[in-house]
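Below is one structure, written out as structure tokens, with a few remarks after it.
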Amino acid sequence: SLVGAATALPMFLFALPAGALADIVDRRKLLIIAQIFMLAVMILLCVLTVMGAITPITLLILIFVLEAGSAFETPAFLAVLPELVPKNELGPALALNGLGINISRVIGPAIGGLVIGAAGVSATFLINAMTFFAVIFAYASWRPPAHKSHLPAERFIAAIRSGWRFTREAPALKATLVHAGTFFLFASSYWALLPLIARDQLGGGAHVYGVLFGCIGAGAVAGALVLPAIRGRISPDRFVLGGGL
């Protein structure tokens, strides 16, 4: 449960300031810096694991710091997506992005479980660290369209206040936040307790947990594939509400 908290807490704490920052600075540079930061944390985690110096407290701190980097990257990445495709293709592009994430959730845990069984945890951390180079290369190769504005850049605190004000005055956004908060309140318990189910109920180890975690991604992929057929019959609001229930 503490690992789950250390994973989710940075997004809760830093997403709003990260979103304000993404509206002020060069998003491409912010994305690259966030990836380099997370790469450094992952390398440190790998080194400490190899040395046998990792402790529960150290692991929780490093997970928190790693996810803090992700919290600063995510708003900038989501803001960049509309610049990559035409507006009329944005919906399918977002669905495809989610599909890619969930396919990785199917494949990643399975491969991770195999690597842990064959070469140990440190090897898994090392492979994970190497994947950051591919993402850094992709961001470095991307050339975003130039944005010209005669207005001065918004200040950091003012941008955060604008976000709060917009949320407070937008009923549809508030309803969306309630749906998301309700869903994750219960979903987080499932993710936090899943390792115990793998160990105590099924008598397995990392590979069993990898399969169970992969099922989350498999269900999401299946849902994404049937979503176009369902969307025409059920409103998005009811669909999200039904999924949450």
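The values are calculated or read from the model by the stated rules, or taken from the named source; none is laboratory data. Just so you know, these numbers come straight off a predicted model, no measurement behind them. Every residue, glycine among them, receives a Cβ derived from its backbone with ideal geometry; neighbour counts consider all protein chains shown. For the accessible areas, the whole protein counts, side chains as well, though only heavy atoms, and no ligand, DNA or RNA atoms are used. Shrake-Rupley method; radii C 1.70, N 1.55, O 1.52, S 1.80 Å.
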- Message: What is the ratio of the Cα radius of gyration of the range 1-92 to 2.2 N^0.38 Å, with N the residue count, to two decimals?
- Response: 1.27
- Query: What would the Debye formula give as log10 I(q)/I(0) at q = 0.13, 0.14 Å⁻¹ for the alpha-carbon point model of the range 18-164, no solvent?
  - Reply: -0.75, -0.84
- Message: 7 Å from Cα along Cα→Cβ at both F156 and F133: what's the point-to-point distance in nm?
- Response: 3.3
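Using a Förster distance of 25 angstrom, determine the FRET efficiency expected from the C-beta separation of L114 and L2, and round it to 0.05. Don't skip to the answer; put the middle values down first.
Details: r = 26 Å, r/R0 = 1.06.
Step by step, r from the Cβ atoms, then E = 0.40.
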- Message: Not counting ligands, DNA or RNA, and with a 1.4 Å probe, what is S1's accessible surface area in Å² rounded to the nearest 10?
- Response: 100
- Using the eigenvalues of the Cα gyration tensor, what equivalent ellipsoid semi-axes result for the range 96-138 when each is taken as the square root of five times the eigenvalue, whole Å, largest first? 21, 16, 5
- Query: Protein chains only, probe 1.4 Å: how do R168, R155, R143, R28 rank by accessible area, largest first?
  - Reply: R155, R143, R168, R28
- Summing +1 per Lys or Arg and -1 per Asp or Glu among the other residues with Cβ less than 12 Å from P144's Cβ gives +2
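For the range 89-245, with only Lys/Arg (+1) and Asp/Glu (-1) charged at the beta-carbon, what is the dipole magnitude about the Cα centre, in debye rounded to 20?
On the way: 12 positive and 5 negative charges, 95 e Å.
Charge dipole, the range 89-245, about its Cα centre: 460 debye, nearest 20.
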- Query: Given the Cα-Cα distance of T176 and S188 and 0.36 nm per residue of separation, how much length would full extension add, in nm?
  - Reply: 2.5 nm
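Once you have a ≥ b ≥ c as the square roots of the Cα gyration tensor eigenvalues for the range 157-245, tell me rounded if a/c is under 1.5, and otherwise prolate or oblate according to whether a/b is larger than b/c.
Values: a/c = 2.96, a/b = 1.60, b/c = 1.85.
Oblate, because a/c is 1.5 or more while a/b does not exceed b/c.
Could you give the length gained on full extension between I107 and V50, defined as 0.36 nm per residue of separation minus the Cα-Cα distance, in nm?
On the way: separation 57, 0.36 × 57 = 20.52 nm, distance 2.50 nm.
Net length gain for the segment: 18.0 nm.
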- Query: If you stretched the chain out fully between L84 and T58, how much longer would it get, using 0.36 nm times the residue separation minus the C-alpha to C-alpha distance?
  - Reply: 5.5 nm
- Debye intensity ratio in log₁₀ form over the Cα atoms of the chain, taken at each q of 0.16, 0.17 Å⁻¹: -1.58, -1.72
- How much accessible surface does K174 have with a 1.4 Å probe, in Å² rounded to 10? 90
